[in-house]
Structure formats: C-alpha cells, structure tokens
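Engineer: Right, I'll just put the structure down here and ask away after.
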Amino acid sequence: MVEYLQSLTPDLNTWLMFTSALFALGIYGMLSRRNAVGVLLSLELCLNAGAVNFALFNRFWSPVQVDGAVMSLFVIAIAAAEVVVAMAIFVALFGYRRTVDVTQLNLVRE
Amino acid sequence: MPDLSFILSHAWLIPALPLASFLLVGLVLRPLHKPLAGAVATAAVFAAAGLSWWLAFDYLHLPKTAGGALPVLVPTSVEWLRFQEGLSVHLGTLLDPISVMLLVVVTTVSALVHLYSTGYLHGEDGYGRYFTFLNLFTFSMLGLVLAPNLVQMYVCWELVGASSFFLIGYYYDRPSAVSASKKAFIVTRFADLGFLLGILVLGYYAFTIHAGMGAAAAGQQALDFAFLTRPDVLSQLQALQGQFLGIGTLTLAAVLIYTGGAGKSAMFPLHIWLPDAMEGPTPVSALIHAATMVVAGVYLVARSFPIFAASAEALQVVMVVGAFTSLFAATIGCTQDDIKRVLAFSTLSQLGYMMFALGVASYEHPLGYTASMFHLFTHAFFKALLFLGAGSVIHAVHTNNIWQMGGLRKYMPITHGLFLLATLAIAGIPPLAGFFSKDEILAAALHSGHTVVFGVGLLVAGMTAFYMFRIYFVTFWGERRLSHLHHQDDHSHDDHSHADPHESPAVMWIPMAVLGLLTIGAGFVPIPEWVRLVPLDGKLPEAHHGVDLAVAIPGTLAGVIGIALAWFFYAGDPQRANSAVLKLGRFYAVIKAKFYFDEIYLFVTKSIIFRLIAGPIAWFDRMVVDGLVNATGWVTRLGGTAVNASQTGQVQTYGSWLMSGVVLAVVVLWATTRQ
C-alpha cells in the first residue's frame, strides 16, 4: 500500500483537479452551512485550496526557488489570525443574539 | 461745463435723504418709537425740500446756452450694470427745467403731506409703517424724476408702483382696500409691460445705432435720454425700415412707452385703478394719486418728447386718448357721491388735459409742451390742497359721502376757505394758479389748429367747475345732514362722537395753508419762460408772454357757467337737482355706474381670460405637466418595489449571487478569449 502510494507521481493537472474540488467543497459549505462556525470551516477549505496551489506551482514550475512555499506559509498564518478574529466575533454575537445561525442574522432586511 | 455750486453737483443728496430716512425709520425706529419715526421721516423730507429749493435757485442762475435755453446737466453718473461697451446702465441725476421743476413739486408736496399725516394718522397702529412707505415713495419718485436714462426711470417707476400698492393697502384689514391695492398694482403693472417692451424695442435699435456711431457717441449710453433725443439718432431711428403690423419701429416704441405712461397716469381705458385707489388714507391720495405719482406718465412723455415728436402717429395717440380721458372722467365726476372719488375723476380729467396738451405740441407749435408742464406744476398744488381739504372734512365727519356732510363752513372755517380757494383754482378763475395753466393749454390747442380738442378742453373746463362746485356746495353749504351719524362709527375718535364736527388741528391746516399760498402764487411763477421745448437747432424763439384774451375769456366764462349751474342745482332747493336727475333717467344711471367699465373688465378677465385661457392652461399644468412629474416618481417607486424583493438580508443568498456572477464572468472570459 505504502509502496503503491510512493509509486504514484501525479502530474500538475491531477493536483489542480484536487484543489479545485477542495475549493468547490469549501464554497458549497459556505453557502449551505447554517452555523457560522461551519461557514468559517468551509472558508478554511477554500484558503487551503489556494495554499496548496501555491506549493504546487512552486514544485512544478520553478523547483529551485521557494517563493510559492513561503506564500503558502503566509496563507496559513493569515488564516490562523483570521480564525481568531472570527471566533471572537462569534462569541460576542452569541452573547448578544443567543444564536450563530447565519439565516437568523438578517437585520439588514428590516 | 461751468463750475457747479455744491447743491448742483450733489443733487443726488435730495433722493438720498428720504432713502436714508426710509431705512432708518423702517428698520430701526418703527417698532421702537412711533412719534419719533414720524418726526424723522417728516424732517428728512423737509430737508430734501429745502435742498430742492436751493437747487432750483442755483439752477435758474446758471448761464444759459447759446440758444437762450436753460442748460441740461448730468452732474452725477455712476456705472451700475455693465454688459458690454456702450451697453451699461448708469445711475445718476439729470438736471433740466422739467426735472428741477418736478423736484421742487415732489419734495414740497411730499413734505407738506408728511406734516399733515402726523396729525391725520395720529394714534393709528400703522403709523410707523405708513411713514416708512411714504419715505420710500418720496425716494422712488425723486429717483424717477432725476433719471438720466430709461432703465433708472423704469426701476424707480416700479418702485413708485410698489409704494403706491403698499399705501393703498394701508388699511389691510378692509377687503375693499386690499382689492383696490391689488387692482392698482395689476393694472399699472400690466401697462408697465408695454413700457418694458418699448424700452427693449428702442434699446435694441438705439444700441445698433450707438455701435455704428463710434466716437460720435463717446460718453453716452444707448438708453440715455441725452443719446435718444439727439437729432441725428432720431433721424436714424425714423429711417428704420422695420415694420410691425404696419407700424413703423419708432412709432411702435413710442406707443409702447406711452402705454406705460398711460397706465401710471390712468388714461382711458387703464383709468379703472385710480378711483379705487382712494381706499388709501387721504394724504396718500393727495401725494401719490393726485400730485406726484400719477403725473409720472405725463413726465415720461415730456421727458422723451423728441421721440414722440419724431412720430406724428404717436403724438396723435397721446392727444386723442388724453382729450377723451379728460371728457370721459369729467362726465363721471359729475355724478359721484364719494368726495374722494369726485376728486379722483377730476385728477383723471386734469391728467387727460396735460396729456392732450403734449399731444398737440410739436416743434412748430411748442406751446403745448410748456403748457402741459405748467399745468402739472399748478395742478400738483391745488389738487393736493383739495385732497388735504377733503381729508380734513373726512377726519371731522368720518364719512366720504357728500350727502352726509353739508353746512360744514360754520364748523370748519379754515378748511372751508382753503377748499374754496382750491376749487376756484381748478375751475380756472383768475388770478389763481389753475387759470394760467389752463389758459396756456387751451391756447396751445387752439393755435396748433386742433379746434376740436380746444372745444373739448373748453367743455371740460366748464364741467370741472360744475362738479367741483357741486361737491363744494353740498359739503359746505346748506343744512347739516345726518348729524348723529357717528353712533355706529367705530373709528378711533369715539370721544367726539356726539360733538359737532370741528376744525382740524394746526398740524393739519398749516400744510393746507402753505398749499393755499402756493395755489395763489403758482400761476405767477414764470414756468412758461423756463420750461420750453428746445428746438432741434437749439435756438429758442421769443417767449410768448401774457394772457391770450381770445382764449382766457371763453375759458373763464366756461368756469363761471359751470359754477353758476352748480349753484343753481346744489346751493338752493335740492329738488332742482333731483328733478334733473329724474329727467336724465337711464343716462344718469349709466354715467353714475362709471359706464360699467369695472363690470366690463370683470367680464373680460373672469369670463374670457380666466375661463377660456387661464382655465385650460391650469388644466394642462395640473394634468400634463404635473402628470409627467408624478409619473416619474411613480415609475421610480414601482422599480424600487420590484428590486426590493431581492434584498433578503440573507448573507448566503448574496453569496450565491456573487458566486453565480463569478462563474458567469469566468465562462464569458473563457468563451471570448479562447483561440
């Protein structure tokens, strides 16, 4: 099994199909989850798809440099910071509205 | 230009004084202290009157021109509005014989009326307001008199119209006064439209000529009287080929300008506002609607006389309308019961006299011009005196109806004497002021070959004497009628309600006495020597001196016959007048109803203009114009409602729209950019 996996050397297109699927999954989650935390999780999927793309293009187009890898590290760092902010907002929101259901948060309409 | 004395070069001080006092009284003193407001206003006008007499004295001692005429000066001219080279509006002062004469008349009568008003309106609520507007009027009238160009004249022309409106509507809690003030404003404003059109027509061609003259017109503006009355400009205007409805351009402009003058001077058929204007306080009638503002139309025609003289048709219009108005108004004057209305119709009649005197004048027979200005001068004094006398009577008995007066000569000896003096003057009895000027006018009509006009003038002179003595006899002679009529009177002078009528206070009879002296003396002022129509070549012929007996005897005779008839009908047995009225029957009723002119106007305005023109236009405005505006708003609202549904407030719905957009954009990019 391990050998089989090691023997696989997928090309760029295969990898891009994977990241696209990951991104689409994130979008789907963002638009369908009712819990704000779930929406946030889905957003992370989209970010990760992007981060993987950075690493991929680095690996396949200019293997001697590390620009892409550094960029993906940045994405991870920013995503972590963003989660902190978002979760703080959710906590405050919950304290105020007793819910984090995004379909209930429609005060713009009124 | 010779060195001018202080007052000649500072003639602008004369209108500036009432203006300053108008601002001071109107903005500061009026709410604070009533008697002070009246005193300041009166003092300012008296100062202006003093300056005017000083100015007139200095002006008459100026060296004459080579032709023997008094000089024409423009000591002040300040640029006010500038449009382009040769087309700018100046404010300034123009001194020539007629403007100096009117300056003296306006300030003198105004000062006396101010003084009289302090007594007449004593203790009334609108005291401060009254003096504010009286000052505004005096300022505007002086600005009009001194105007060196048509635009300044037009501006002041509207200002006097506005002050007249305010003062007629002084008793604004009386519906009749309110409607009278509106009527006066609308009728004169309607006529002023003609004046404005006249200025525009004249200004358009004058500017073209001005531009074509180059250096020859340097220092003059296209609308200056000095430019418009230059012989070379007038001959170019006369040569214009333009035709409008078969009327030459110059005639058209002159007739349009005359329309404005006719409105202000209440010439037929624009006369309807003046009798109603008597709703204002009596001193206002004396100042504005007898002595000064209403002669502005005559003054305008005299001021632009060379323009009229260049167009025989325009002068013909002036003459015919003037003669007709004088006869028409005199006829109505014989039948009215309201003392002020009789005086108003007599004013109309005398204004017609002045107008036809201008109409018969020409460069060959310039006497009419002089006569008209002379009559304007004398009429101002005796007509102001008549009105102030009538005011004094009204003040005492609290009614305008002559049939409720009677026998007043016993109670009001001073008023009686002065009123009799003015009545004799207007009837043309020598040696009072009216005799000389009326004689001059009749002589002008006869010697210029207008025999019909002379006949009309003679007839009107007789009728004037008749109706003036009619009110004199009915008011001052006979027995006192309706002695307890003040019972239901709620006028402010309740404390006198059971007492006999009494003489007015000194503050009222002193101005009247001064006017009485002027009524006696004005005829001897050598106005005919000073005010002359300067011929085109600038050389005055020998002045015409003395009284023309061929005219003076029939003129005086007409007056005496009129007085005798009035005495016969009204001084003795009242049955005589009543039976005469009965004999005239319907004819009398038509005249008494002022030939139904008010009704005709009401019919024309209400049934024709309002229903057939204004009504459909109002419908179009409400339905079509407003409809379009409303439709715009309605469509916008509808659009808003439709789009409103997409605003769900659901963040995930928005996200879906966003993603759909992104996908769509990608698809479009892909479809359009692939090779």
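Readers should treat all values here as calculations from the given coordinates under stated rules, not as data from a laboratory. Quick caveat: nothing in here was measured; it's all calculated off a predicted structure. No Cβ is skipped: glycine too gets one built from the backbone with ideal geometry, and neighbour counts run over all protein chains shown.
Engineer: How far is helix B:175-213 tilted, in degrees, relative to the longest principal axis of the Cα atoms in chain B, given as a value from 0 to 90 rounded to the nearest 10?
Structural biologist: 80
Engineer: Please average, across the residues of A:28-36, the number of beta carbons from any other chain that are within 10 Å of each residue's own beta carbon, and give a whole number. Walk me through the intermediate numbers first.
Structural biologist: Working: counts 1, 0, 5, 8, 2, 1, 1, 0, 1.
Taking all residues of A:28-36 together, the mean is 2.
Engineer: Continuing with this model, one more query. Pop out the ³J(HN,Hα) list for segment B:18-28 in order, Karplus 6.51 cos²θ - 1.76 cosθ + 1.60 with θ = phi - 60°, rounded to Hz; leave Gly and Pro as x.
Structural biologist: Couplings: x, 5, 4, 5, 4, 5, 5, 5, x, 8, 10 Hz.
Engineer: If packing is taken as the average count of other Cβ atoms within 10 Å, what order do B:372-384, B:355-367 fall into, highest mean first?
Structural biologist: Those peptides, ordered most packed to least, come out B:372-384, B:355-367.
Engineer: Using a 10 Å cut-off around each Cβ of peptide A:102-108, what is the average number of partner chain Cβ atoms that fall inside?
Structural biologist: That average works out to 4.
Engineer: With only alpha-carbon pairs counted, each pair once and no self-pairs, how large is the Kirkwood hydrodynamic radius of segment B:576-675 in angstroms?
Structural biologist: The answer is 21.7 Å.
Engineer: Other chains near B:651-661: what is the mean number of their Cβ atoms within 10 Å of each residue's Cβ?
Structural biologist: Mean shielding by partner chains, rounded to a whole number: 3.
Engineer: Less than 20 Å apart at the alpha-carbon level, and either on another chain or at least 8 residues along: which aspartates and glutamates does that give for B:Lys606?
Structural biologist: B:Asp276, B:Asp598, B:Asp621
Engineer: Using +1 on the beta carbon of Lys and Arg, -1 on that of Asp and Glu, and nothing else charged, what's the dipole of segment B:180-302 about the Cα centre, debye to 20?
Structural biologist: 120
Engineer: Points 7 angstrom from Cα along the Cβ direction at B:His10 and B:Ser176: gap in nanometres?
Structural biologist: Result: 4.7 nm between the two label points.
Engineer: Comparing A:Leu43, A:Leu12, A:Leu56, which has the greatest mean-square fluctuation in the GNM of chain A with Cα pairs linked when under 10 Å apart?
Structural biologist: For chain A, modelled as a Gaussian network with Cα springs under 10 Å, the answer is A:Leu12.
Engineer: Of B:Asn401, B:Ala11, B:Val551, which is farthest along the charge dipole of chain B in the positive direction, counting Lys and Arg as +1 and Asp and Glu as -1 at C-beta?
Structural biologist: Of the candidates, B:Asn401 comes out farthest on the positive side.
Engineer: Right, something else. Skipping prolines and chain starts, which residues have an amide H placed within reach, meaning under 5 Å, of the one on B:Asn149, given they are 5 or more residues away or on another chain?
Structural biologist: B:Phe225
Engineer: Related question: Hey, can you grab everything whose amide H is under 5 Å from the amide H of B:Thr76? Only 5+ residues off in sequence or another chain; H modelled, so Pro and N-termini drop out.
Structural biologist: Amide H to amide H, under 5 Å and 5 or more residues apart or across chains, B:Thr76 pairs with B:Thr93.
Engineer: Considering Cα pairs under 8 angstrom that are at least six residues apart, work out the relative contact order of segment B:115-195 and quote it in whole percent.
Structural biologist: 22
Engineer: If you place +1 on the Cβ of every Lys and Arg and -1 on the Cβ of every Asp and Glu, how big does the dipole about the Cα centre of the protein assembly as shown come out, in debye to the nearest 20?
Structural biologist: 1240
Engineer: Another question about this same structure. Convex hull volume of the Cα atoms in the protein assembly as shown, per residue, in Å³?
Structural biologist: 322
Engineer: Please compute the contact order of segment A:12-100 in relative form: average sequence separation of alpha-carbon pairs under 8 Å and at least six residues apart, divided by the residue count, as a percent.
Structural biologist: Relative contact order for segment A:12-100 comes out at 26 percent.
Engineer: Would you please state which residues of segment A:32-64 a label at A:Ile76 would reach in this model, taking the label point 7 Å out along Cα→Cβ and a backbone N cut-off of under 15 Å?
Structural biologist: Answer for this model: A:45, A:47-56.
Engineer: How much net charge surrounds B:Arg230 when only the other residues with a Cβ under 14 Å from the Cβ of B:Arg230 are counted, with Lys and Arg +1 and Asp and Glu -1?
Structural biologist: -3
Engineer: Next question. On a 0 to 90° scale, report how tilted helix B:127-146 is relative to the longest principal axis of chain B, with both axes built from alpha carbons and the result rounded to the nearest 10.
Structural biologist: Tilt of helix B:127-146: around 90 degrees.
Engineer: Given R₀ = 51 Å, what would the calculated FRET efficiency be for B:Asp337 paired with B:Val28, taking r from the Cβ atoms and rounding to 0.05? Let's see the in-between values first.
Structural biologist: Working: r = 43 Å, r/R0 = 0.85.
Efficiency at R0 = 51 Å is approximately 0.75.
Engineer: For a quick check: sort B:Leu27, B:Leu91 by the number of other beta carbons within 10 angstrom, fewest at the front.
Structural biologist: Details: B:Leu27 10, B:Leu91 20.
Going from least to most buried by this count: B:Leu27, B:Leu91.
Engineer: While we're looking at this one, here's another question. What length, rounded to one decimal in nm, is gained on full extension from B:Ser660 through to B:Leu517, with 0.36 nm per residue of separation minus their alpha-carbon distance?
Structural biologist: 41.3 nm
Engineer: Sticking with this one: What's the ranking of B:597-603, A:28-34, B:525-531 by average number of surrounding C-beta atoms within 10 Å, highest first?
Structural biologist: Result, highest mean first: B:525-531, A:28-34, B:597-603.
Engineer: Going highest first, how would you order B:645-652, B:131-138, B:666-673, B:49-56 by mean Cβ packing within 10 Å?
Structural biologist: So the peptides B:645-652, B:131-138, B:666-673, B:49-56, ranked by packing, come out B:131-138, B:49-56, B:645-652, B:666-673.
Engineer: Checking the table B:Lys182/B:Lys264; B:Lys183/B:Lys594; B:Lys182/B:Lys383; B:Lys438/B:Lys539; B:Lys383/B:Lys539; B:Lys340/B:Lys592 against a 23 Å threshold on Cα-Cα, which pairs fail?
Structural biologist: B:Lys182/B:Lys383; B:Lys438/B:Lys539; B:Lys383/B:Lys539
Engineer: Here's something else I'd like to know. Against the longest principal axis of chain A, how steep is helix A:67-97, in degrees 0 to 90 to the nearest 10, with axes from Cα atoms?
Structural biologist: Tilt of helix A:67-97: around 20 degrees.
Engineer: Cα atoms only: what Rg and Dmax, in Å, come out for chain B?
Structural biologist: Reported Rg and Dmax, both Å: 30.4, 123.
Engineer: Please state the charge dipole magnitude for chain B, taken about the Cα centre, from unit charges on C-beta atoms (+1 on K and R, -1 on D and E), reported in debye and rounded to the nearest 20.
Structural biologist: 1160
Engineer: Would you work out the relative contact order for chain B, in percent, from Cα pairs under 8 angstrom that are 6 or more residues apart?
Structural biologist: 12
Engineer: Given H placed 1.01 Å from N in the peptide plane, which residues other than close sequence neighbours of B:Leu408 have an amide H under 5 Å from its amide H?
Structural biologist: B:Phe476, B:Trp477
Engineer: Related question: Quick check: from the Cα gyration tensor, does segment A:12-100 come out rounded (a/c under 1.5), prolate or oblate?
Structural biologist: Note, shape of segment A:12-100 comes out oblate.
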